[in-house]
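**Q** Handing you a structure now.
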Amino acid sequence: MSDRFYGSVRFHRLALTIEPVVQALMQEFEAERAEVIDLDLPCDIWIDDDPSTSEIIMIGDPSANMGELKRVEEVLMACGVAYDAGSEGKYEYPPEARWWRPGMKESGYQITNPDGQPYLTHMELQETLESVSKESDPSVVRERMWALIPPTEMKEQPLTNAMYEGKKPVEITFGSQAELDAWLAPRQTEVAPYGVVSPEGVTPIKLLCHKTHIE
């Protein structure tokens, strides 16, 4: 099927100490907990050879839906875990790179060539050139040209131990579903339902979330 092709995600091994991340990997690969912890999963797994990044792992799935391990990426971001991800693309779907670092409101995204290098389409460049062709203010021209290139400063930050101060999610307890819903309402884009750890219909309800989501 054209909507299933190679996708991967790369993150620090410390993420495997975070329960929602373990649960997401168990669900993604229909695996047991021990298989996740031991990285004995039915997919491609690499551990960086460089001693300075030997705790960085990459998980690749040849049949990822739309080239994304979407649930895993969402859980990593919700738990404050930095990651790099990407897909090889197929047919009408171009390869792409995605990333998230603590401090970003949403994940970064770039279309790439097969070697992972970002590129611009002819249409994107043509539309921008046409929009600035009659501009006399150099600052406007410069601003519009730079807008073609998504910011990647955060992507350059390494996936190292330094990213994991306060890495474990904070547990919050709610007395009722209504109380939980009221707390979640303004945070729906930041804290997803997979953070709820109490069985359905049982109170008090316990929620796991990254500490930055409490404020």
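**Q** Being modelled with pLDDT of 90 or more and surrounded by fewer than 17 Cβ atoms within 10 Å (Cβ to Cβ) is the filter here; which residues of region 47-58 pass it?
**A** Scanning region 47-58 gives no hits.
**Q** Quick check on this structure: which one of Asp61, Asp84 is under 29 Å from Ala147 (Cβ atoms), touching a helix residue (DSSP H, G or I) at 6+ places or on another chain (Cβ under 9 Å) and buried (at least 16 other Cβ atoms within 10 Å of the Cβ)?
**A** Numbers: Asp61 fails: under 29 Å from Ala147 (Cβ atoms).
When all the criteria are applied, what remains is Asp84.
**Q** Can you tell me which residues in region 77-95 are within 11 Å of Met66 (Cα to Cα) and without any contact (Cβ under 8 Å) to a residue 60 or more places away in the chain?
**A** Scanning region 77-95 gives Pro94, Pro95.
**Q** Name the residue that is surrounded by the fewest Cβ atoms within 10 Å (Cβ to Cβ), counting only residues in region 13-46 that are in contact (Cβ under 8 Å) with a residue 24 or more places away in the chain and touching a helix residue (DSSP H, G or I) at 6+ places or on another chain (Cβ under 6 Å).
**A** Leu14
**Q** Determine whether region 93-100 contains at least one residue that is modelled with pLDDT of 85 or more, of a type in the set (Lys, Arg) and surrounded by 14 or more Cβ atoms within 10 Å (Cβ to Cβ).
**A** The answer is yes; a qualifying residue exists.
**Q** Quick one: which strands (runs of 3 or more DSSP E) lie wholly within region 21-116 and hold at least 1 residues that are within 19 Å of the chain's Cα centre (by Cα), more than 16 Å from Leu159 (Cβ to Cβ) and aromatic (Phe, Trp, Tyr)? Before you say what the answer is, go through the steps one by one.
**A** Working: elements: 44-47, 56-65, 83-87, 96-100, 108-111.
Filter on region 21-116 gives 108-111.
**Q** Determine whether region 56-66 contains at least one residue that is of a type in the set (Ser, Thr, Tyr) and within 26 Å of Met104 (Cβ to Cβ).
**A** The initial filter retains those residues of region 56-66 that are of a type in the set (Ser, Thr, Tyr), namely 63.
Now drop any that are not within 26 Å of Met104 (Cβ to Cβ), which leaves none.
No, every residue in region 56-66 fails to be of a type in the set (Ser, Thr, Tyr) and within 26 Å of Met104 (Cβ to Cβ).
The values are calculated or read from the model by the stated rules, or taken from the named source; none is laboratory data. Bear in mind that the values here come from a model prediction, so they are computed numbers and not experimental data. No Cβ is skipped: glycine too gets one built from the backbone with ideal geometry, and neighbour counts run over all protein chains shown.
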